[in-house]
Each structure stands twice: as structure tokens, then as C-alpha cells.
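Worksheet: the structure to be examined is printed underneath.
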Amino acid sequence: MKKLRFAFVAFSNSKDKFVADPSFIYRCENLALALRAEGHHADLLHYSNLTSSEHYDLVFFHRPKRRFGLSYLLHRLHRNGTVTIADFDDLVFDPTVAYLSPGVLNSLVTLKKTEQMFRSHATALKKFDLVSVSTIPLANAVSRQAPHAKVIVMPNTVHYSWYSAITKTLPVEHWNLTYFPGTRSHDRDFAMIRQPLEQFLDEHPSIKLHITGVLDYELRCRPQQLVQHEKQKFSKYHKFVAQSWVNLAPLEATFFNQHKSAIKAIEAAYWHAPTLASPIPDMHRLQGCGALLANDLNSWYQQLTKLAEPEFYISQTQGLRERLLAHSRIEHQTSQLIKAALFR
């Protein structure tokens, strides 16, 4: 096969820290590592460092924004025979739903600023003929915003670097519930399951809840049942995920959240742990591969109680990593990029 040249381009405000952004890590670095393993060339760049003089077969723009000179740059790249793709893994390009953004709902950013950012993404999106997204609802949203664009769905997958990671698996008696907020915008999501979680922990004194990341919350439980870890660098993050007995992924039932990825279930499933989650579409996709859905507060409690039964837990976790990788792995996504680059 012809060896191809790819570039993955970040539009973050920081030129120096874009490679630490979890979204960029999963949408760009993950693909780049897998492509390099197949013998292709893959650069990770900030937009300010991308020039049309460097030849690439395909340039992958992660969450592009309105930028001076973007149209001209795209024109030059196309003249050179380069395929350009805009990639979105969140509903950040529809200003009409900015008020539902977790950042706004959790009072971390103003509605005005969020609307401005979403309009910037929308302007950039309409400059592309090819768009990749992480979920089917996002594909539908792109088609509404840019009817001319061809949309390809590239779901998130476990990170390529985890294939070679070796982490000791805890014995069954170490039952750790885990919750990974990721960003600072999940206070309301976690608060949603407070009541069933408190009841479950009260009835199971040996089970601990490990929270890794920034979260403002209240939870009534025995002091020894709650363990707080600071946010981890991605290079160390898998060691904390690997300690999961059951992972939690609550999300408020908003239109914005319906477009989100099931990445938390993917991460935990790779380390043999199921994820109890809100029923967003991408979690439905992973039923049978680690995602268990809780439709209401009573369901959260009932599902946790069932998972505490050894026979049921084993039925959910036996061969879980293998089922996950058979269903979705990064090599499935690199094949789509290679196809797009070769048949331009």
C-alpha cells in the first residue's frame, strides 16, 4: 500500500498545550499513532504552524474555528491535491443550543461567549466538503448546518497507546466504583444520581467510590467510602481507569448531551469494567460491549444492586475487552481516513 502523509491540526487557544487536550488526544493523536504503526507519516500541529507548502495527502482539522486566511489555506491545499476534513466530537457548531452547553449550565462560561464560539465553529464548518464526527446524532446535526457536506461517522475508540499498557487488575474483592469527570462541567450530571448512589453505598459499606478529576459535589456516605484523586495526565490516566469495578457515566437528559460520545464506557470496558450510564444514543451503540443503561433514578439503584451480585457481574464482564475490540477499534477508523486520502 502507498505510504501516505497526514496532518492533524488543533485550533485550541494554546499553541503549546493542544496535545494535552483530551478531545485532541482521542480524535487526533489516537489516529496518528495507529497510522504511524501502519507505516504512514502523521504530524500533530497547531493551526498557526500549518502551511500549504508542506505536502499532505490529508489534513484533519479538529474542531475548526473561523480564522483569518482559512479559506485561502483550504484553497491552496485543494490545489495541491490534499483532502481536508473538519472533525467535531461535540455539538459545538449550533449557536441555537449554546444555552444547553454544560459550560453554560454549570456557570463556567457565559452564554454570550459560548454563542460566539459556536458561531465561529459553524462558520468554519461550512467551508468543508468532508466532515467527520464521533456519533450519529452529530452526523445529523452537521447535515442540518451544512447540507452540502459529506459526513463520515468515526466513533471514538480506546487509545492506541493502551494496547501496550500493562496494569495490574485488582482482585474481585476490591470493588471500586469510579467516576471520571474529565472537564469541570459535570457537577450537575453527578448531582443527578446522588440519591441512588447514597442509598447503594449505605447498603454496601465495603464498596468505595473513587472520583478522579475536578468536581463540586455533596455525597452522604462513610468517610472511608469516598476517595478523591486529582485530575491525571493522560499518560497516567489508564492506571486509574484500570481500578474500576463499575464505572459511572451520568449525563443530564439534554439535547446537547444526546450528541455526546460513549468514551467513558469504552475506556472502562478495555479494563474489563462495565459502565452504568445515561441512555444517550452512543451508549445504546455499546450495549453488549460494556454499557449498561439507567433510564431513571430507580434504575440507577437497581442496576448497581444487580452488579453487586457476582453471577450477574461475571455475565457482564467475561470477555468484555475482546467484545469491545471486535466491535470498535482505532484501526477501523484509520481505514476510513486512508480510503478518503486515496480516493480523492
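Here is a list: Y217, Y270. Which entry is among the hydroxyl-bearing types (S, T, Y), touching a residue at least 60 places away in the same chain (Cβ under 8 Å) and in contact with a Lys or Arg (Cβ under 8 Å, 6 or more places away or on another chain)?
None of the other options fit; the residue is Y270.
What number of residues in the range 47-89 are assigned to a helix (DSSP H, G or I) and free of Cβ contacts under 8 Å to residues at least 40 places away in the same chain? Within the range 47-89, residues that are assigned to a helix (DSSP H, G or I) and free of Cβ contacts under 8 Å to residues at least 40 places away in the same chain number 10.
Here is a yes/no grid of residues against (1) at pLDDT 95 or above; (2) closer than 23 Å to R321 by Cβ:
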residue	(1), (2)
T96	yes, no
L108	no, no
A124	yes, no
K127	yes, no
P137	yes, no
V142	yes, no
I166	no, yes
E173	no, yes
F180	yes, yes
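In the range 33-43, of all residues being under 20 Å from the mean Cα position of the chain (by Cα) and buried (at least 21 other Cβ atoms within 10 Å of the Cβ), the one that is nearest to K3 (Cα to Cα) corresponds to L35. Screening S71 with (1) in contact with a helix residue (DSSP H, G or I) (Cβ under 9 Å, 6 or more places away or on another chain); (2) open to solvent by 60 Å² or more (accessible area, probe 1.4 Å) gives one miss only, at (1).
When each of H204, H229, H210, H186 is tested for being of a type outside the set (S, T, N, Q) and closer than 20 Å to A262 by Cβ, the lone residue that passes is H186.
Step by step: first the residues of the range 131-147, then only those that are open to solvent by less than 50 Å² (accessible area, probe 1.4 Å) and among the hydrophobic types (A, V, I, L, M, F, W, C), then the one that is nearest to A341 (Cα to Cα). Which residue is that? Once the filter is applied, the top-ranked residue is V131. Residue count for the range 228-237, restricted to those that are within 19 Å of D189 (Cα to Cα) and of a type outside the set (D, E, K, R): 2. If you take the residues in the range 10-27 that are open to solvent by 60 Å² or more (accessible area, probe 1.4 Å) and more than 16 Å from the chain's Cα centre (by Cα), which one is nearest to M117 (Cα to Cα)? The residue in question is N13. Checking each residue in the range 52-63 for being in contact with a helix residue (DSSP H, G or I) (Cβ under 8 Å, 6 or more places away or on another chain) and surrounded by fewer than 18 Cβ atoms within 10 Å (Cβ to Cβ) picks out only S52. Of T183, T178, T275, all but one fail to be in contact with a Leu (Cβ under 9 Å, 6 or more places away or on another chain), hydroxyl-bearing (S, T, Y), within 30 Å of I136 (Cβ to Cβ) and open to solvent by 50 Å² or more (accessible area, probe 1.4 Å); the exception is T183.
Assess whether R321 counts as being over 16 Å from the mean Cα position of the chain (by Cα), among the basic types (K, R), open to solvent by 30 Å² or more (accessible area, probe 1.4 Å) and modelled with pLDDT of 95 or more. Taking the combined requirement at face value, the residue satisfies it.
Summed over the range 131-148, residues that are assigned to a loop (DSSP other than H, G, I, E, B) and without any contact (Cβ under 8 Å) to a residue 60 or more places away in the chain total 3. Among the residues of the range 156-178, is there at least one that is within 19 Å of P64 (Cβ to Cβ) and not β-branched (V, I, T)? Yes, the range 156-178 contains at least one residue that is within 19 Å of P64 (Cβ to Cβ) and not β-branched (V, I, T).
Residues that are in a loop (DSSP other than H, G, I, E, B) and small (G, A, S) within the range 5-30 comprise S12, S14, listed in sequence order. Only helices (runs of 4 or more DSSP H) whose full extent lies in the range 286-344 are considered here, and the ones with at least 1 residues that are under 27 Å from H204 (Cβ atoms) are 297-307, 310-317, 320-327.
If the condition is being in a loop (DSSP other than H, G, I, E, B) and open to solvent by less than 70 Å² (accessible area, probe 1.4 Å), then the range 90-130 contributes D90, L91, V92, F93, D94, S101, N106, V109, F128.
Among the candidates S328, S299, the residue that is among the polar types (S, T, N, Q), touching a Cys at 6+ places or on another chain (Cβ under 9 Å) and either open to solvent by less than 30 Å² (accessible area, probe 1.4 Å) or farther than 15 Å from Q195 by Cα (or both) is uniquely S328. Residue-level check: of (1) open to solvent by 40 Å² or more (accessible area, probe 1.4 Å); (2) closer than 19 Å to N298 by Cα, K236 misses just (2).
The values are calculated or read from the model by the stated rules, or taken from the named source; none is laboratory data. Fair warning: this is a prediction, and the values are worked out from it, not measured in the lab. Cβ: placed from backbone, ideal geometry, glycine included. Neighbour counts: every protein chain shown. Accessible surface areas use protein heavy atoms only, side chains included; no ligands, DNA or RNA. Shrake-Rupley method; radii C 1.70, N 1.55, O 1.52, S 1.80 Å.
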